[in-house]
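Right, one structure below, let's go through it.
No lab work stands behind these numbers, since they all come straight from the coordinates. Everything quoted here is computed from the prediction, not taken from an experiment. Ideal geometry is used to build each Cβ from the backbone, glycine not excepted, and the neighbour counts take in all protein chains shown.
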Amino acid sequence: MNTVVHSTAHPTRSHASARDDFAVVGGGLCGRLVAWLLAGAGHRVALYDRGDAAGTQSAAWVAAAMLAPLAEAASAELLITELGAASLERWPGLIAELPEPVFFQRNGTLVVWHAGDRAEAPLFERRLRANAPSALFQSGFVKLSGAQVAAAEPSLGTRFPQGWLLPNEGQLDNRQVLTALAAGLVERNVDIHWNTIIDTPPDAHFVIDCRGLGGKPAWPALRGIRGEVARVHAPGIGLTRPVRLLHPRYPLYIAPKQDDLYVIGATEVEGEDMSPMTVRSALELLSAAFAVHPGFGEARILELNSQCRPTLPDHRPAIVWDGARTLRVNGLYRHGYMIAPEVADSARALAEALLGGAITDSDSFDDWRRQARWSALLRCEHAAPVL
C-alpha cells in the first residue's frame, strides 16, 4: 500500500489531533459498507479511494446487483449461497438507514429455456440441489408450465414451454446503492478522500484494505475475472423480475430496473482485460435478449460496459489480518452485491475486536474466529486453519 496523496476532494470533517480508529482504503461497494458500518458504531473512520464518489471506477459500478443465492447455486458453493441468503435478509434494513432512496425488489427470479436447450434444465436443477441449502431450495423453487410462465410474466407470452420461479430472490439498483452509501458516509461524519492515490498506509490504529484488484501487490493470489453487461432502455416490455435464460454457451440474465431500464449480462472471461466490450460479446448479449423478448430489438443501447471482478483461487471472499494493524477484505468475485452485507459486517466485527483488544495475537484470533458466524472467511497470516 503506497501514500502520496493526490486529492481533488475535500474531507467531510476537519482533521483533528485524535487519530482515526480505522482507515478504509478502497471505496467500492465493500469499502463503503465497511466504513459506513464502523462509523455507525461510533468509530472515527477515514476512507480513501482513487475514484470518485459515484464509484465509476469500481467493479460495483458494472453490475446487475441481483440478490439471487438460489440461482447462483448453479455455479457457487454452499458457503456463497448461505452468505447470499443471509445478506438478502439484511439488505432492506441497511437500505432503510441510508439517507437516499435505493430501488429494491424482492419479486423472485424466473428461469426459462428454449426448447432446443432443454437439456440444460436438469443440469441446472441438479446443481441447485447440490449447492444450495436444503431449506432455501425447498421453499424457493417452483416448477411452472408454459401457461404458468405466461401468467407469472405476461410479456413473455407463450414463448417458453416450461420454467422455474425462484420466488424469494431479489435485486437492487447498484448505482443507487453506491450513491446512497456515499451520502451515508457524509451523514456519519466519515473523513472522505475521493480521487486520492495512496502510497503509504494512512495514519490510523488499523487500516482496512478493500481495494479489490488494486490490492494485488499485497495479495498476489488475486486475479481478475472480466464481466460484461449492456444497459438498455426498453419501454413497453414490462418484465417484473429478473429473468435467467439457460443456454449451453452463454446463460443470460436480464434484470429490469426502474424507468424501463434493463441490465443484460452473461459473459465471464478469465483475465484482467479492462478494454471495452467485444463485438462478439455484444452480439451474444443482445441476440439472447432479443430471443427472450423481440421487443428488445427496439431497445436503445445506453451502455456496453466491462469490468474485472477481484477473485481468489477458491472463488471465496476472504478477510485476512496480517497480525499487526492491517485487515484485507477481498475476493467477492461475481457475488459482490449478493454477499456484501455479511462480508462487510464480518470485517466490521473483526476490526472492532482488534481495536478493543479482544484479539492480540494468532492464538486469540483463532479463539475469536471459532465463535464467528462466518469463520471460513477469516484468516490470520500466522494462524492455523479452523478445524
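Among R211, R188, R300, the largest mean-square fluctuation in a Gaussian network model of the chain, built with springs joining Cα atoms closer than 10 Å, belongs to R300. Among the trypsin sites (Lys or Arg not before Pro) in the stretch 101-180, those placed in a DSSP loop whose Cβ has at most 12 other Cβ atoms within 10 Å are R118.
Exposure proxy check: S134, S155 ranked by fewest other beta carbons within 10 Å?
S134, S155
Angle of helix 78-97 to the longest C-alpha principal axis of the chain, folded into 0 to 90 degrees and rounded to 10: 80°. Between the listed residues L37, I319, H293, the Cα displaced farthest toward the positive end of the dipole of the chain, a dipole computed from Cβ unit charges relative to the Cα centre, is found at H293. Between 0 and 90 degrees, rounded to the nearest ten: what's the tilt of helix 174-187 against the longest Cα principal axis of the chain? Tilt of helix 174-187: around 30 degrees.
The list (1) 20.5; (2) 23.2; (3) 21.6 gives values of Kirkwood radius over Cα pairs in Å, and only one came from this structure; which label was calculated from it? Only one listed value fits the structure, namely (3). Note on the chain: GNM, Cα springs under 10 Å; of G163, G331, G295, the largest mean-square fluctuation is that of G295. Extension gain, A54 to I301, is 86.8 nm, computed as 0.36 nm per intervening residue step minus the present C-alpha separation.
Taking Cα atoms only, the orientation of helix 362-371 departs from the longest principal axis of the chain by about 40 degrees. The label point for H114 and the one for E381, both projected 7 Å from the Cα toward the Cβ, are 5.1 nm apart.
How high is the relative contact order of the chain, in percent, counting Cα pairs under 8 Å that sit 6 or more residues apart? Taking the mean separation of contacting Cα pairs over the length of the chain, I get 23 percent.
Considering only beta bridges that DSSP places wholly inside the chain, some 65 percent are antiparallel.
Comparing L123, L166, L312 in a Gaussian network model of the chain (Cα springs below 10 Å), the most mobile by mean-square fluctuation is L123. Taking Lys and Arg as +1 and Asp and Glu as -1, the other residues whose beta-carbon sits under 13 Å from that of P242 total 0.
Among C30, C380, the order by Cβ neighbours within 10 angstrom, fewest to most, reads C380, C30. Computed per residue of the chain from DSSP H runs no shorter than four, each worth -39500 (n - 2.57), the mean residue ellipticity at 222 nm is -9500 deg cm²/dmol. Loop-resident trypsin sites (Lys or Arg not before Pro) (DSSP state other than H, G, I, E or B) in the stretch 331-385 with no more than 15 further Cβ atoms inside 10 Å of their Cβ: R373.
Taken about its Cα centre, the chain carries a charge dipole of roughly 640 debye when the Cβ of each Lys and Arg holds +1 and the Cβ of each Asp and Glu holds -1.
Taking a ≥ b ≥ c as the square roots of the eigenvalues of the Cα gyration tensor, the stretch 202-360 is classed as prolate, since a/c reaches at least 1.5 and a/b is larger than b/c. Bridges between two residues of the stretch 249-384, per DSSP, are antiparallel at a rate of about 75%.
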